[in-house]
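One structure is given below, encoded as structure tokens.
The values are calculated or read from the model by the stated rules, or taken from the named source; none is laboratory data. Fair warning: this is a prediction, and the values are worked out from it, not measured in the lab. In this analysis, Cβ positions are derived from the backbone assuming ideal geometry, glycine residues included, and neighbour counts consider all displayed protein chains.
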Amino acid sequence: MLVELLTQILVALLFASQLFSLVKSMSFPLNKRDFVIKQVWKKNGDDSFSVATISTEGNQDYGGNMGKLRGTSKAVFTATNIEGIGGVKQCRTEMYLYIDVGGYVPAWVMNKKIPQGLGSTNSMARSFNRDDEIDRAALNSLVSKMKNIPQSFSHEDMNVINKAQKFVDDNNKSQDFVKVMSPDKMVQMKLVHIEGENIAIGMATSVVDASVEICAASEYTDISSR
């Protein structure tokens, strides 16, 4: 039983770490930099995961004279669970990166290299992007609230609603609206603009194949993300 336990620990240690080397090109006329790196992942007590990366000693024969300098690096990547939306699991990622490329390097080169080194967070966010599913789940949640939860408004909320309704009522009486070219043939648009003034009022109408709750929820969530 002890042998089995030791074997499991050894397998876990080997599985959770790796040693590798890589060569990074620098902007001309700077020499390339090589890195020998040890990387270890660990599950933390709060169920987050960390990936630690640190330079270590070692030589790597890349073949030929590459005219390279040894660089050193430290990095910590952490992924922490956050509340998902509509059954889509989400986590927040954070990465700290330190690079010493050795020798004199202009600031503009490092300003370029650091964002590249942090680029894994960007590619990860894009690779696993499920914004459409999340947006749809948020929309459906709001639609359900609009259909099923009785509304109550504060004095401030009612003031906003009353001012908006007065704006609509006043402009419905106007005879000055003129039709304008709409970018979408499914939408009709009108506007009124007084020559020399910096104010214009526009109006758009259309027919949408959806319920009033879906349309209202869509407008409410859309304007929040503009």
Task: M158 being in contact with a Leu (Cβ under 9 Å, 6 or more places away or on another chain) and either outside the structural domain of G84 (by TED's automatic domain parsing) or in a helix (DSSP H, G or I) (or both) - done: no
Task: Any chance S182 is farther than 18 Å from S206 by Cα, surrounded by 11 or more Cβ atoms within 10 Å (Cβ to Cβ) and touching a strand residue (DSSP E or B) at 6+ places or on another chain (Cβ under 7 Å) - done: no
